[in-house]
Amino acid sequence: LMFNPSAERLFGFKADEVIGKNINILMPEPYHSQHDSYIQKYLQTGENKVIGLSREVVGLRKDGTSFPMYLSVGEMESQGQKMFTGIGHDLTEIYLAKEKAEVANKAKSEFLANMSHEIRTPMNSVIGFSDLLSALINDKKQKSYIESIQTAGRSLLKLINDILDLSKVEAGRLEIQYEKISIRFFFQEIEQIFKVKIEEKQLQLLLEIDSEIPEFLRIDEVRLRQVLINLVGNAVKFTERGHIKIRVKTKDKTENHDKINLIIEVEDTGIGIPQDQHELIFESFRQQDGQSIRKYGGTGLGLSLTKKLVELMNGRISVKSAPNEGSCFAIQLLSVDVPSNVPIEIRKKEAFTPQRFRFEEGLVLVVDDIESNRRLITESLSQMGLEFVEADNGKNALLFADEFSPDVILMDIRMPIMDGYEATQKLRNNPNTTDIPVIAITASVSKGDISTIKELGFDGYLSKPVNLHALLLELSKYLRCENISETTESPEEKGEQDFSDEHWNVPPEIMEQLENKFQKEWETVKNYGVFNNIEVFGTQLLQLGNDNDIPPLSKFGETLTSQSESFDIEGLNRTLASYPKLLERLRSKLL
Ligand code: ADP
């Protein structure tokens, strides 16, 4: 009936070419056919798919070209006749703008990811060398300067890591790596991380793990830890009095046993968050309105990254909170795998001979294109009594490996001329060098997948910035250490703790814990032999001993923690082996 001048411009038809024809000539298939049937159906049955609704369709011009169109159809009646109006908007510009914005956003994320990666390398030196320097100086003032550099360095690194992770997620470059983890140990470690802070603020950290949660689950440990550190970190930061409670539970209990929906809640009794800001705080760089930067600091990146990580792990995050009533952040991870059989990976204990930090003779080839990175490692090697040769790219590494036959090679990955992957492949193909252990040094934050690392010919890996303990631990798998401090075995190490003052007793409920909960943990740490876990185990026993005034228990815990801190493998094995003896002794003092 009518075709206005804008419609003429949009479709390229003159009004008189269109008036009197079926309107569907202005749309290509499938919209062309759908249009009539929608209208017919509406007229016959009242079933409505178009009238009064707006939708995105495609418009067809006279010259046969098409364009995205936003179409609104309205209905009116005139002299007893039904009539329809259609209003079409050309969306071409908007589509182009959207595409452009997406490309630009991706470029931004790529840029940030690369940039952060480049910033990490010099940061590596700043932090590494200040650590080394701090061990060398005694002057109080100088020490405090170094501490400031260390603290600032670490917070800068944290910021860079957050930005790197965020942009990686946005650029679709962050992969989730599932592995079997022990849920209880995982959370005990989280508890441990915040122990000092919690005590400082005189808060209480409560951990409640539902008994129905299986011991092992397949989860990306690194990412889940990141999420919890953010949530618990915030809870501690925004709470002055009261407690922080971590609750781990599952939703559907009846489901089959190989998957569960895991719910983790972090609840605090802190300042709370007004309802109208519950969404905003999950956006990047956003904090509660009017929040004191001076008092709380922060960047507003934590929750935004947390949300993205949770979503990547097939989960959701939500918050319940009101001002002055505390907050509860809940994450729900859907369909988490419950591994059916958990093979016990016994670590190669014979590889660690030794206690203290001195290696017997050994030559290490350090390959890295950046001089300061090499120096950081070589300084540490000298401190451990090792010799080294340096190469600044893969090609030179091949030459030196052939010439010097080093005992271990530490291999950077990204290098000019020849990268670490290629060099390692070539080392493996040369009979002279094929047996030399090669440890990859990777700058990528995501935890390298151990099996791919092995497939690529590496024997192990260290992530940048390389820390002294990790380096020592890795090297101790291939090089023998010598015992520099003559330690005479102390009685408690032999498990024969002797306490002349016998004014102590063991309450039955403590004995019960030691024989059940801790017995199980003991079995796991004994088999897995992971330092962190042993340390957590030791700290718990120490605490239990102190709280209940049971000196042999405290002593046992203390010995374990100090042995694990100093990587004293033999001592640890002895102490761990004496746990049953300790129980026997405590049983004799049962109240
Ligand atoms: P940051 O902690 O660096 O500011 P986050 O993204 O982790 O960044 O948090 C954003 C904001 O959300 C915080 O600044 C704070 O305003 C609010 N918030 C987060 N967790 C809590 C909490 N447990 N209690 C009160 N406010 C919180």
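Hey, with R₀ at 30 Å, roughly what FRET efficiency would K517 and I229 work out to, going by the Cβ-Cβ distance, to 0.05?
For R0 = 30 Å, the calculated efficiency reads 0.75.
Could you tell me which residue out of F129, L159, I183 lies farthest along the dipole of the stretch 126-201 toward its positive end? Charges go on the beta carbon: Lys and Arg +1, Asp and Glu -1, centred on the Cα centre.
Checked the options; the winner is F129.
Does anything in the stretch 68-110 have its amide N under 18 Å from the 7 Å Cα→Cβ label point of M2, and if so which residues?
Only 72-89 pass the distance filter.
Structure shown: which of K41/K100; K197/K526; K98/K307; K237/K589 lie over 32 Å apart, alpha-carbon to alpha-carbon?
Details: K41/K100 40 Å; K197/K526 29 Å; K98/K307 24 Å; K237/K589 42 Å.
In this structure, K41/K100; K237/K589 exceed 32 Å between Cα atoms.
If you take every DSSP beta bridge fully contained in the chain, what fraction is antiparallel? Give it as a percent rounded to 5.
Working: 47 of 72 bridges.
Counting DSSP beta bridges with both partners in the chain, the antiparallel share is about 65 percent.
How big is the stretch 164-322 by the Kirkwood estimate over distinct Cα pairs, in Å?
Kirkwood hydrodynamic radius for the stretch 164-322: 16.8 Å.
Fewest to most neighbouring Cβ within 10 Å: what's the order for D412, D63? Write out the running numbers ahead of the final one.
Working: D412 26, D63 8.
Neighbour counts put them in this order, fewest first: D63, D412.
Any chance you could run the full-extension gain for E47 through A107? It's 0.36 nm times the residue separation minus the Cα-Cα distance, nm to one decimal.
Full extension of this stretch gives 17.0 nm more.
Nearest 10 degrees is fine. How inclined is helix 394-404 to the longest principal axis of the chain, computing both from alpha carbons?
Approximately 20 degrees, to the nearest 10.
If you scale each eigenvalue of the Cα gyration tensor by 5 and take the root, what three semi-axes come out for the stretch 49-108, rounded to whole angstrom and sorted largest first?
Numbers: eigenvalues 223, 39, 10 Å².
For the stretch 49-108, the semi-axes come out at 33, 14, 7 Å.
What does the extension gain come out to for S148 and Q383, with contour length at 0.36 nm per residue minus their alpha carbon separation?
Working: separation 235, 0.36 × 235 = 84.60 nm, distance 2.39 nm.
Computed gain between S148 and Q383 is 82.2 nm.
Pairing the Cα long axis of helix 183-200 with the longest principal axis of the chain, what angle in degrees results, from 0 to 90 and rounded to the nearest 10?
80 degrees
Treating only the Cβ of Lys, Arg, Asp and Glu as charged (+1, +1, -1, -1), what charge dipole size does the chain show about its Cα centre? Round to the nearest 20 debye.
The calculation lands at about 1480 debye.
Given a Förster distance of 51 angstrom, what is the FRET efficiency for I176 paired with K14, based on the Cβ-Cβ distance and rounded to 0.05?
Details: r = 58 Å, r/R0 = 1.14.
Once rounded, the FRET efficiency stands at 0.30.
As an exercise, find the ratio Rg/Rh for the stretch 239-334 from alpha-carbon atoms, using the Kirkwood inverse-distance average for Rh.
With Rh from the inverse mean 1/r over Cα pairs, Rg/Rh is 1.02.
Note down the relative contact order for the chain as a percent, whole number, built from C-alpha pairs under 8 angstrom at least six residues apart.
Once divided by the residue count of the chain, the mean separation gives 9 percent.
Can you work out the PRE-style zone for N505? Point 7 Å along Cα to Cβ, and I want the residues of the stretch 571-591 with backbone N under 11 Å.
589-591
With a point put 7 Å past each Cα toward its Cβ, work out how far K581 is from K259 in nm, to one decimal.
5.0 nm
With a sphere of radius 11 Å drawn around the Cβ of S37, what net charge do the other residues whose Cβ falls strictly inside it have (Lys, Arg +1; Asp, Glu -1)?
0
Once you compute Rg and the Kirkwood Rh from C-alpha atoms, what is the Rg to Rh ratio for the stretch 1-150? Working shown, then result.
Details: Rg = 31.6 Å, Rh = 21.0 Å.
Here Rg/Rh amounts to 1.51.
Please compute the length gained on full extension between L133 and K197, using 0.36 nm multiplied by the number of residues separating them and subtracting their Cα-Cα distance.
Length difference between fully extended and current span is 20.4 nm.
Cut-off under 16 Å on the C-alpha distance; same-chain residues fewer than 8 positions from K477 excluded. Which lysines are left, in chain and number order?
Within the straight-line cut-off, K477 pairs with K348, K349, K454.
For the stretch 1-52, treating each Cα as an identical point scatterer without solvent, what Debye log10 I(q)/I(0) comes out at q = 0.24, 0.27, 0.31 1/Å?
For the stretch 1-52 at q = 0.24, 0.27, 0.31 Å⁻¹, log10 I(q)/I(0) is -0.95, -1.02, -1.10.
What are the aspartates and glutamates whose alpha-carbon lies under 16 Å from the alpha-carbon of K143, with same-chain residues fewer than 8 places away excluded?
D131
Can you list, bin by bin at 20 Å, the percent of alpha carbon pairs in the chain, starting at 0?
Result returned by the calculation: 15, 39, 28, 12, 5, 0.
Would you calculate, for the chain, the mean residue ellipticity at 222 nm contributed by helices, counting each DSSP H stretch of 4 or more residues as -39,500 (n - 2.57) and dividing by all residues, to the nearest 500?
The helix-only estimate for the chain comes to -14500 deg cm²/dmol at 222 nm.
E240 to R286: FRET efficiency via 1/(1 + (r/R0)^6), r the Cβ-Cβ distance, R0 22 Å, to the nearest 0.05?
That gives a FRET efficiency of 0.45.
According to the square roots a ≥ b ≥ c of the eigenvalues of the Cα gyration tensor, what is the shape class of the stretch 127-251, taking rounded for a/c under 1.5, prolate for a/b larger than b/c otherwise, and oblate for the remainder?
Oblate, because a/c is 1.5 or more while a/b does not exceed b/c.
State the Kirkwood hydrodynamic radius of the stretch 159-226 in Å, one decimal place, computed from all pairs of distinct Cα atoms. Display every interim value, and only then the final one.
On the way: mean 1/r = 0.0703 Å⁻¹.
This gives a value of 14.2 Å.
Relative to the longest principal axis of the chain, what angle (0 to 90°, nearest 10) does the C-alpha long axis of helix 517-528 take?
The angle comes out at about 90 degrees.
Would you list, by chain and number, the aspartates and glutamates whose Cα falls below 13 Å from the Cα of K251, excluding same-chain residues fewer than 8 positions away?
D210, E212, E265
Average projected area of the Cα convex hull of the stretch 377-421, in nm²?
Directional mean of the projected Cα hull area for the stretch 377-421 stands at 3.2 nm².
Every number in this text was worked out from the coordinates using simple rules, so none of it is lab data. Small disclaimer: the values here were computed from a predicted structure and weren't measured. Using ideal geometry, Cβ is built from the backbone for each residue, glycine included, and neighbour counts are taken over all protein chains shown.
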